[in-house]
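Structure first, commentary second.
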Amino acid sequence: MGVVPTCWNSIVTQGGNQIISSTTPASGVSNVYQNGYQKVSIVILPPLSNVNAGTHHFRFKARANSGPGLLEFGYMTDISDMATFVILQPITITNSTYDSTAERTIDVPTTVPTNARLAIRNPGTTWAGHYWDDAVWESKSILGTDENNKRKEFRIYPNPFKDVINISGIKNAERLNVSDVSGRILKTVVKPASEVNLNDLKSGVYMMTIESKDEKVQAFKVIKE
């Protein structure tokens, strides 16, 4: 078994390697690392109640330290049995840094079983070391990262934060949601102020979405120390 965040799972064949690494993450202090030629590792996401609803997609960033690398996005119906992994999309990775090509967005078909767990597999077909970060299960209505960067209607700081996070441009905000990596909403603030107290959250990675008065949404990955 590899090393994954709480509520995630992993399976690693003998000789394979899957850890949480501090080597040059896309954001925050760590990212997932998978490698091993002819050694398989699978990182399994938390359970998702809407995995086959067709309303959400999976977005993440990936790089390979000695590319090209290859990961496979799919799902499992039994997290203890590697043989139940079903490929939805192969992901060839040629970038060695989290550059503009690193981000991938993958739709999940409605034919996926209700009890399925989404997963990322290193099939062990290359010598590359694979890093990935900023994994988000998000509504398809949320703007992509590039669009958010262009709009820049809201900015958040500091990130990582301890208890309070500051938001600029907040006068145009109608609603703020904080959710975990599985998409479950943990906190909602209507007409948020420029300082939002999140001291009731545990340390970890969260998604923050801010909806403006014109019903446009920006999403941010935030890290609580």
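Values in this text are rule-based calculations from the coordinates and carry no lab data. This structure is a prediction, so every number in the text was calculated from the model and none was measured. Cβ sites come from the backbone with ideal geometry, for glycine too, and all protein chains shown count toward neighbours.
Can you show me the helix-derived [θ] at 222 nm for the chain, built from DSSP H runs with n ≥ 4 at -39,500 (n - 2.57) apiece and divided by the number of residues, rounded to the nearest 500.
Numbers: 1 runs with 7 residues, N = 225.
Dividing the helical sum by the residues of the chain leaves -1000 deg cm²/dmol.
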Given H placed on each backbone N at 1.01 Å, which residues far from LEU88 in sequence or on other chains put an amide H within less than 5 Å of it?
PHE73, GLY74, TYR75
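Using a ≥ b ≥ c from the Cα gyration tensor of the chain (square roots of the eigenvalues), is it rounded, prolate or oblate, where a/c under 1.5 gives rounded and otherwise the larger of a/b and b/c decides, a/b for prolate? Show your work: numbers first, answer last.
Numbers: a/c = 1.91, a/b = 1.67, b/c = 1.15.
It comes out prolate by the Cα gyration axes.
Cross-link list LYS162/LYS202; LYS61/LYS191; LYS140/LYS191; LYS187/LYS221; LYS61/LYS221; LYS171/LYS213: which exceed 21 angstrom alpha carbon to alpha carbon? Intermediate values should be presented prior to the final figure.
Details: LYS162/LYS202 10 Å; LYS61/LYS191 31 Å; LYS140/LYS191 23 Å; LYS187/LYS221 15 Å; LYS61/LYS221 12 Å; LYS171/LYS213 9 Å.
In this structure, LYS61/LYS191; LYS140/LYS191 exceed 21 Å between Cα atoms.
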Just grab the label-to-label distance for LYS202 and LEU186, each label 7 Å out from Cα along the Cβ direction, in nm (one decimal).
0.8
Describe numerically, in nm with one decimal, the distance between label points set 7 Å from Cα along Cα→Cβ at ASN95 and at ARG155.
2.3
Computed E for LYS171/THR84 - FRET, C-beta separation, R0 35 angstrom, nearest 0.05
0.10
Förster radius 30 Å - calculated FRET efficiency between TRP127 and THR77, Cβ distance, rounded to 0.05
0.50
Projected onto the charge dipole of the chain (unit charges on the beta-carbon of Lys, Arg, Asp and Glu, signs +1, +1, -1, -1), the Cα from LEU176, ASN17, ASN52 with the largest positive-side position is that of LEU176
